[in-house]
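These notes concern the structure reproduced below.
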Amino acid sequence: MRPLAHLPASRARALRGLLFDLDDTVLSHGHLGLRAYAAICRAAESGLVLGVVTGRPCAWGEVLARQWPVRFVVVENGALAIVRAGAGVSLLDPCDAAERARRVTALYGLTREMADKLPELVPADDAWCRRTDTTWDIGERMRAAPETVMAATEIIRAAGAQSFASSVHLHASFDRTDKAQGAVHFLRHVIGEDESRALHAFAFVGDSGNDAPCFSAFHTTIGVANVDRYVSRMAVPPRFIASAEMGEGFAEIVDKLLDLRTTWES
């Protein structure tokens, strides 16, 4: 990873948009600070197309799509997207209704199995708002031991599901997608961006393990400083890193991008 100061101006000027994670990237310990939200507003006003790409639930995406100056919100680690539709919002789900119902039933079964085998693992408090995955709290309000997380991951995989771990939650889903696949898919469906071009035209900002697919896929990737806790477990870390953590780091990144996009070299 290189310091954010080394980000080339040419790369910043070539961007069409900016994608970003929520927890511990824009949010600081679950809270949205003034500088982080002001940075989102400034980025939108500059003409960048903005998209949230998060592991948080569909219900969160509906609120953010209505209230934030973003074009879409990809939720549940790439499975779904929420977009503005006139005065309301629309849900985009690539899965048909029958298959979605089957996967939901399978998730109920997996949740019961986890409760029986690892009762110390507590469901996340936003699990009820989800459509495509279920989550357990490993770092938001509870602290799960690493061996518990490892055992839970083995149960998830044995059930035929895939797992993701963020800085706050362990996720299980029967959808075969990740944040990068979901982001690129919905960029095409929402704004008509060619999938191969999207990887160069959009930057991604994140902080943790479930952001690793985006750090690997996108050409311009930036981590807030707290990503340093997770890079040893990533095949491809972000290419650049901010000096500040969480929301302050996100504001630093937006400031740098906008400065580079408006300052021309002589």
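The values are calculated or read from the model by the stated rules, or taken from the named source; none is laboratory data. These numbers come from a predicted model, not from an experiment. Virtual Cβ from ideal backbone geometry, glycine too; neighbours counted across all protein chains shown.
If the condition is being within 14 Å of L19 (Cβ to Cβ), of a type outside the set (D, E) and surrounded by fewer than 21 Cβ atoms within 10 Å (Cβ to Cβ), then region 161-196 contributes Q181, H185, R188, V190, I191. Against the condition within 14 Å of the chain's Cα centre (by Cα) and either hydrophobic (A, V, I, L, M, F, W, C) or within 15 Å of G247 (Cβ to Cβ) (or both), how does L18 come out, does it pass? Answer is yes for this residue. Working only within region 230-248, note down all residues that are among the charged types (D, E, K, R) and touching a residue at least 60 places away in the same chain (Cβ under 8 Å). Across region 230-248, the qualifying residues are R239, E245, E248. Flag: A5 does not match the condition of being buried (at least 22 other Cβ atoms within 10 Å of the Cβ) and either in the same structural domain as A79 (by TED's automatic domain parsing) or not polar (S, T, N, Q) (or both).
Would you mind finding the one in S46, S90 that is surrounded by fewer than 17 Cβ atoms within 10 Å (Cβ to Cβ) and either under 22 Å from T177 (Cβ atoms) or in the same structural domain as E140 (by TED's automatic domain parsing) (or both)?
S90
A quick yes/no check of all residues on (1) at pLDDT below 95; (2) within 24 Å of R100 (Cβ to Cβ); (3) outside the structural domain of A101 (by TED's automatic domain parsing):
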| position | (1), (2), (3) |
| --- | --- |
| A115 | no, yes, no |
| D126 | yes, yes, no |
| A144 | yes, no, no |
| A151 | no, no, no |
| I155 | no, yes, no |
| A158 | no, yes, no |
| A161 | no, yes, no |
| Q181 | no, yes, yes |
| E195 | yes, yes, yes |
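Quick one: is M114 of a type outside the set (D, E, K, R), over 21 Å from the mean Cα position of the chain (by Cα), part of a helix (DSSP H, G or I) and surrounded by 18 or more Cβ atoms within 10 Å (Cβ to Cβ)? Steps first, please.
Values: of a type outside the set (D, E, K, R): yes; over 21 Å from the mean Cα position of the chain (by Cα): yes; part of a helix (DSSP H, G or I): yes; surrounded by 18 or more Cβ atoms within 10 Å (Cβ to Cβ): yes.
Yes: the conditions hold for M114.
Does N210 meet the test of being assigned to a helix (DSSP H, G or I) and either acidic (D, E) or crowded, with 24+ Cβ neighbours inside 10 Å (or both)?
Values: assigned to a helix (DSSP H, G or I): yes; either acidic (D, E) or crowded, with 24+ Cβ neighbours inside 10 Å (or both): yes.
When the stated conditions are applied, N210 passes them.
Taking the criterion of being surrounded by fewer than 17 Cβ atoms within 10 Å (Cβ to Cβ) and not in a helix (DSSP H, G or I), the residues of region 220-241 that qualify are A235, V236.
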